[in-house]
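Quick note: the coordinates plus some simple rules give every number you see, no bench work behind them. What you see is a predicted model, and the numbers here were worked out from it, not measured in a lab. So basically every Cβ, Gly included, is an ideal-geometry build from the backbone, and we count neighbours across all protein chains shown.
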Amino acid sequence: MFDDKESIVGFSPMPPVPGAPTVGWSTKEALMHPLHPRIAVLPLVLATAAAFGCGSGASADRTVDQGHWSTAVCVANGRWLAAIKQPGNELDGLALEFKYGLPKQSKSRATELRDLAALSDSTRQLRDDYASAGIPQAANGARLKREMLDSVDEIDASLATLTTRAQALPQGDGRAQQSALLTPDIESAFQHMSTRLRGAWKRDAPWFHC
């Protein structure tokens, strides 16, 4: 999902406008689009996360200055991107298998269940990190935080629905039907999350950037 350059020195930019065309995107791009911090080195990201209490809940209801809030959110985004690397790669591979290969029912089902679980776990961590980042000192800081949390709650519910669909898929050594490929629906769910988050940042935090 990420090449070495992206995973070590930063992340390739995604279209900056909510609702920008996404035709032809890979799963990598669909998942990266909502959150693409330009953070130089992953160990620095995690160290900063510890410094600002990302995920700890320490500042969840406290108003914080825009600089500290931005750092905490950028750290959260970076941690999330690192966590979705493996499932994103596997979903890309599965889509290629459906297009060019002979996908098997049990293998496809197992891959989708595993990757959906990983995406759900990492997205719930993202919510925890957003929650603990506090409320930015801005005219609509509380509204911004609520919209961010609602956006992640919505994708979490979508992933739960997709997991139920994956659990109901047939098992066996037979060829999986095209309808068993859930990658397009996963991409669509994350693109919707992108639109909500970018819309909220543009509306309530035009000063925010990573």
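Quick look at the values:
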{"quantity": "Packing-based exposure ordering (other Cβ within 10 Å, fewest first) of Leu159, Leu102, Leu119", "calculated": "Leu102, Leu159, Leu119"}
{"quantity": "Placed amide H near Lys104: partners under 5 Å, 5+ positions off or other chain", "calculated": "Ala176"}
{"quantity": "Long-range HN-HN contacts of Ile135 with modeled amide H, under 5 Å", "calculated": "Arg62, Thr63, Val64"}
{"quantity": "Extension reserve of the Ser188-Asp61 stretch, reckoned as 0.36 nm per residue once the Cα distance is removed", "calculated": "42.6 nm"}
{"quantity": "Set of the stretch 163-189 residues, backbone N closer than 12 Å to the point 7 Å along the Cα-Cβ line of Leu113", "calculated": "163-172"}
{"quantity": "Pairwise FRET efficiency - Arg124 versus Lys99, Cβ, R0 = 25 Å, nearest 0.05", "calculated": "0.20"}
